[in-house]
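Any read-out appearing in this document is the output of simple, stated calculations on the displayed coordinates, not a laboratory observation. None of the values given here were measured: they were computed from a predicted structure. Cβ atoms come from the backbone with ideal geometry, glycine included; neighbour counts cover every protein chain shown.
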Amino acid sequence: MSHLLAFALCLAGFAALAFAVHRQQRDIFGRSLPLATTWVLRVLGACALLLALGVLVAWHGWSLGLVMFSGHTSLVSGIVYCMLVGYSRIRPRALPRSAPR
Amino acid sequence: MNSDNDQRVAGRGIRQTMSSLHTWTGLLLGWILYAMFLTGTVSYFKDELSQWMRPELARLSEIPDQAVVAQRIADEFGKTLAGASQWSMRLPDARNNSVYAFWRTSARSPGQRGFGEAYFDPATGGKVTSRETLGGDFFYRFHFQFHYMPVVWGRWIAGAAAMFMLVAIVSGVITHKKIFVDFFTFRWGRRQRSWLDAHNALAVFGLPFHLMITYTGLVTLMALYMPWGERVAFKTPAERQQLAAELSAFIPPGKPSGQNVPLASVEEMVRQAQERWGRDQVGRVNAVHPGDAAARVAVTRGDPGRVSMSPQYLEFEGATGKLLAVRENVGGAAETRGVFYALHLGRFSDTVTRWLYFLVSFMGTAMVGTGLVMWTVKRRQQLPDPDRPYFGFRLVERLNIAGIAGLSVAMTAFLWGNRLLPHPLEGRAELEIHLFFIVWALTLLHALARPARSAWVEQLWAASVLLSLLPVLNAMTTQRPLWHSLAEGDWIFAGMDIMCWALAWLHAALAMRTARQSAVSPSRSKANRRAPVTVASSEGAG
């Protein structure tokens, strides 16, 4: 249960952090988001990751919790990355900077 | 202004220097590192793999009472190993369905090793007659000491490779100047850029793990690599024994009294340990001079649930069962080493954490693999005549094929050997290992004989076919096919079959992608390089 919750929080956290990067904003939304929105996404992303750490530490203690947190963040960042790549492959025409095949 | 320019020039200089260091430390022992990483990754499931490779041993639907099992096996030893000067048994747990034991005999006659080992049935106490195999322990041992060479040589080579890896990681971090800006960047269809992005992503996402696993790998063998401090600090036998007691459940051997006294109840000893640590938390029971009045027994705590390999054990007087000592703490330096050791092995993990270890370690393997391939991708574009590359390029290219695709074929062949070699057969375990190396050597010959692209595609397909048919072979040669495993809830056998298909799919996808790329003409490739198909912005990484 703690793993599932931590996984979901990490997923939300990294998704928010990805949307807070200008390059990804342009690729996904076709434009840069307002600076305030970018900062909110950064803070939300960081908070979600800290919350995931808190959940794992509360459930398993510092030693196991930190190891599990490291594993979750590594894996989930890879999943978010693959989702971004997959999205850009599925909807290349939505991207203004994409060239035709 | 000038000062800024100077700083920028100096910054570029250090980055370029680090880039070269990263390239060459990554390449020179890269194939060894890849093999260490992949076999090490697999080793996170070595106990499960060992169960799969000994299908004759029945699955444990629940963990038996370790105290009862320990007494049962001790009774068996009392009958069959009367002359043993020492024995040690690893009790069954959530990941082991048998009791593994080894023993030493004091009287060594010519031709005898004075050492024995066997697997025992926890339900009956009798020896089990499973096929002779090293199981998952082969990959585990290979990943830090290799094979066909003295163990110490292998460990020195592994240490050198790990040190190269550590240098490559640190220099790679310095080289990668936009870690956060490029965190999620992947530029599809740009060949060299795409490989670089994939390599960076695999490196950065798992960076804490990669640093940890490399550094702790060196720590596990630090006494071999840097023995001088220990030699200076611990000179007398008593000091060395004290050191040994900090690092493992060590009972000073002492001398037998010569007076025969049967061991007291081992069950009671384990019971005391269970009360202290929990029902399924006992790891091993070790006995020195069992059956003698001077016997000592140590009951050690298992690895699950604690991020430390520092020994915790109860020491008993063998003849009376009296608790002599409780050792649950070691000094700060020993505990630091114990934590690093545990972080490397990950044996404290629950199932989810073990999968996290496996998957992030797999990312590390892919990081090394993409780094090796990138070396050729980058230089291919600069070749004056791509059809006649220079020797170094050809060497790296062919070693990459055998080192990456060929290793997958060889590892799968090892598992095929486990199912196909007759049983019983003299030297069967060693034959499985020979098969692994013969197939690996054949993939190198194949890579040398075929055009590079064809060799990649053919070996990736070979790995895919072998992996996808392994569950079929398992169904034909054992009583534990997938449908049976699923019905019984046997997730070790079912998981192995499903994992084989997942890896078969991965190899097939890589084979198809490589084949498709080879079909693209050079002019098309150039066009692709100018105009990326998708994503990611046209901004370069710089």
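Details
- Whichever lysines have a C-alpha closer than 26 Å to that of B:LYS177, once near sequence neighbours (fewer than 8 apart) are set aside: B:LYS378
- Spatial separation of Cα centroids for region B:433-447 and region B:304-333, in angstrom: 45 Å
- Annotation for region B:265-362: GluC sites (Glu not before Pro) lying in DSSP loop with at most 14 further Cβ atoms inside 10 Å of their Cβ are B:GLU328.
- Put a plus charge on the Cβ of each Lys and Arg, a minus charge on the Cβ of each Asp and Glu, and nothing anywhere else: the dipole of region A:2-94 about its Cα centre is then about 460 debye.
- Three semi-axes describe the equivalent ellipsoid of chain A; taken as square roots of 5 times the Cα gyration tensor eigenvalues and ordered largest first, they are 31, 15, 8 Å.
- Interatomic Cα distance distribution for region B:449-512, bins of 5 angstrom, percent: 4, 20, 22, 18, 13, 10, 7, 4, 2, 0
- The mean number of Cβ atoms from other chains found within 10 Å of a Cβ in peptide B:424-432 is 0, as a whole number.
- Taking one quarter of the surface of the C-alpha convex hull of chain B gives a mean projected area of 30.6 nm².
- Distance in nm between pseudo-label sites at B:THR17 and B:ALA325 (7 Å out along the Cβ direction from Cα): 5.1 nm
- When the alpha carbon coordinates of region B:203-245 are projected onto the principal axes, the ranges are 47, 19, 11 Å, largest first.
- Peptide ranges B:299-305, B:130-136 listed from the most packed, as the mean C-beta count within 10 angstrom indicates: B:299-305, B:130-136
- A cut-off under 14 angstrom between Cβ atoms defines the neighbours of B:ALA223, and their net charge, with Lys, Arg +1 and Asp, Glu -1, is +2.
- The mean number of partner chain beta-carbon atoms within 10 angstrom of a residue's beta-carbon across peptide A:20-28 is 4.
- For region B:396-428 versus region B:130-155, the inter-centroid distance based on Cα atoms is 14 Å.
- For A:58-65, mean number of other protein chain Cβ atoms within 10 Å: 3
- Unit charges at the beta carbon, dipole of region B:184-329: most positive-side option, B:THR236, B:PRO304, B:VAL204: B:VAL204
- Of the three principal axes defined by the Cα atoms of region B:290-348, the extents in descending order read 39, 21, 15 Å.
- When both region B:57-98 and region A:51-91 are represented by their alpha-carbon centers, they are found 39 Å apart.
- If you look at the Cα atoms of region B:326-407, you get an Rg and a Dmax of 21.1, 71 Å.
- Exposure proxy ranking, count of Cβ atoms within 10 Å, fewest first, for B:HIS507, A:HIS72: B:HIS507, A:HIS72
- Taking the Cα centre of chain B as reference, the dipole from Cβ charges on Lys and Arg (+1) and Asp and Glu (-1) amounts to some 2200 debye.
- Karplus (6.51, -1.76, 1.60) ³J(HN,Hα), θ = phi - 60°, over region B:286-297, in Hz, Gly and Pro reported as x: 10, 10, 10, 6, x, x, 10, 5, 8, 4, 10, 10
- Looking at region B:415-510, the GluC sites (Glu not before Pro) that sit in a DSSP loop and have at most 14 other Cβ atoms within 10 Å of their own Cβ are B:GLU426.
- Of all aspartates and glutamates in the structure, those lying under 13 Å Cα to Cα from B:LYS255, and not within fewer than 8 positions of it along the same chain, are B:ASP292.
- B:THR320 long-range amide H proximity, modeled H, under 5 Å: B:ALA264
- Scaling the Cα radius of gyration of the protein assembly as shown by the globular reference 2.2 N^0.38 Å produces a ratio of 1.07.
- Calculated SAXS-style log₁₀ I(q)/I(0) at q = 0.17 Å⁻¹ - region B:241-298, Debye, Cα scatterers: -0.66
- Kyte-Doolittle mean at least 1.0, axial Cα span of 27 Å or more - DSSP H helices of chain B: B:151-175, B:428-449
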